[in-house]
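A.B. asks: Pasting a structure below so you can have a look.
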Amino acid sequence: MILGACGGGEGPAIANTPPPTSIAGPVETTRAASPADPVAGSTTTSTTGATTTSVTTQPVGDGGSSPATWSFEIIDRYPHDPTAFTQGLLVRGETVYESTGLYGESSVRAVERATGATIAQTALEDDLFGEGLELVDDRLIQLTWQEETALVWDAATLTQVGEFDYQGEGWGLCYDGERLVMSDGTPELDLRSPEDFSVLSTVTVIWDGSPVPFLNELECVDGLVYANVWQSNLIVVIEPDTGRVVAVIDATPLVVDVGLEDESRAVLNGIAYDATTGSFLLTGKLWPTMFEVRIVESSP
């Protein structure tokens, strides 16, 4: 079913890097009426549907050098649907594709970047909880939280054209041009085939020798993976082949800007990279604003 709905400043933000064992920020106490996301430590199996793939798991090492502290500058602000429980975000030109969650409210939608107006939207079945979203050629792939199903949509019409099975939970998803990278809320990232969703390898994400739990929404950019860390205002930047966190971005100024610090579910979640401008779109669950920012890199 295709539905209609609706959904823009400049200045630096100062980054801060608390250790992963004491992540600060507003806590999302529930994702819906259902239980909250699991604590870190569970692992995703390598069986997807009828295909079982041998998975190579990156061992936990010393994490290499400490990550750099990156900041950002706000370029612009755009309206964002404050009822959208954002789980996945990506941008192509002037169109933003978004996956929203919650049972009975999940959707996949195409949104006009400048106005926040919904161009097209398809509701998920009530027993599906929408999660990460990525575009591969002309297909959108949307994860579901605990339903072990990835939905495949035609990007032009938002009609379902297929699905993939996987085991475990689905949280975030991005595509580096060759592999899909998937998070499940643990410190593990699965690198998967975009053709059949089979697991190619698994890597443990490490910050200064410690695994980083609650990896959530993902964006693949220039050989790196940007990941929201659920229950925090942090974005970690990861080398996907080693799992090493190379940089950390504190997005607390955006949380303060939207004024939802006391809304436990309205957490930072949603990273989209615009390859034409080199800027990022950042938003959160139930946020009324989507921010366009420029990342400012610095040395460790």
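A.B. asks: Could you check Asp137 against (1) open to solvent by less than 10 Å² (accessible area, probe 1.4 Å); (2) over 23 Å from Ala227 (Cβ atoms); (3) out of contact with any strand residue (DSSP E or B) (no Cβ under 6 Å at 6 or more places or on another chain) and say which number it fails?
C.D. replies: (1)
A.B. asks: Does any residue of region 180-187 turn out to be surrounded by fewer than 18 Cβ atoms within 10 Å (Cβ to Cβ), modelled with pLDDT of 95 or more and of a type outside the set (Asp, Glu)?
C.D. replies: Checked region 180-187: no residue is surrounded by fewer than 18 Cβ atoms within 10 Å (Cβ to Cβ), modelled with pLDDT of 95 or more and of a type outside the set (Asp, Glu).
A.B. asks: OK, next. Can you pull out every residue in region 231-273 that is small (Gly, Ala, Ser) and either more than 12 Å from the chain's Cα centre (by Cα) or at pLDDT below 95 (or both)?
C.D. replies: Ser232, Gly243, Ala247, Ala251, Gly259, Ser264, Ala266
A.B. asks: Output the number of the condition that Glu217 fails; it satisfies all remaining conditions of (1) acidic (Asp, Glu); (2) in contact with a Cys (Cβ under 7 Å, 6 or more places away or on another chain); (3) crowded, with 24+ Cβ neighbours inside 10 Å.
C.D. replies: Among (1) acidic (Asp, Glu); (2) in contact with a Cys (Cβ under 7 Å, 6 or more places away or on another chain); (3) crowded, with 24+ Cβ neighbours inside 10 Å, Glu217 violates only (2).
A.B. asks: Then there's this: State all residues of region 64-74 that are part of a strand (DSSP E or B) and touching a Phe, Trp or Tyr at 6+ places or on another chain (Cβ under 8 Å); if no residue qualifies, say none.
C.D. replies: Result: Phe72, Ile74.
A.B. asks: What are the residues in region 269-294 that are small (Gly, Ala, Ser) and open to solvent by 10 Å² or more (accessible area, probe 1.4 Å), if any?
C.D. replies: Ala275, Gly278
A.B. asks: Let me ask you something else. Give region 207-250 a look and list any residue that's at positive phi and either part of a strand (DSSP E or B) or charged (D, E, K, R) (or both), or say none.
C.D. replies: Residues satisfying the conditions are Asp208, Asp222.
The values are calculated or read from the model by the stated rules, or taken from the named source; none is laboratory data. Nothing here was measured: the structure is a model prediction, and the numbers come from that model. When we count neighbours, we look across all protein chains shown, and the Cβ atoms used for this are built from the backbone with ideal geometry, even at glycine. In case anyone asks, the SASA skips ligands and DNA or RNA and just uses the protein heavy atoms, side chains included. Shrake-Rupley method; radii C 1.70, N 1.55, O 1.52, S 1.80 Å.
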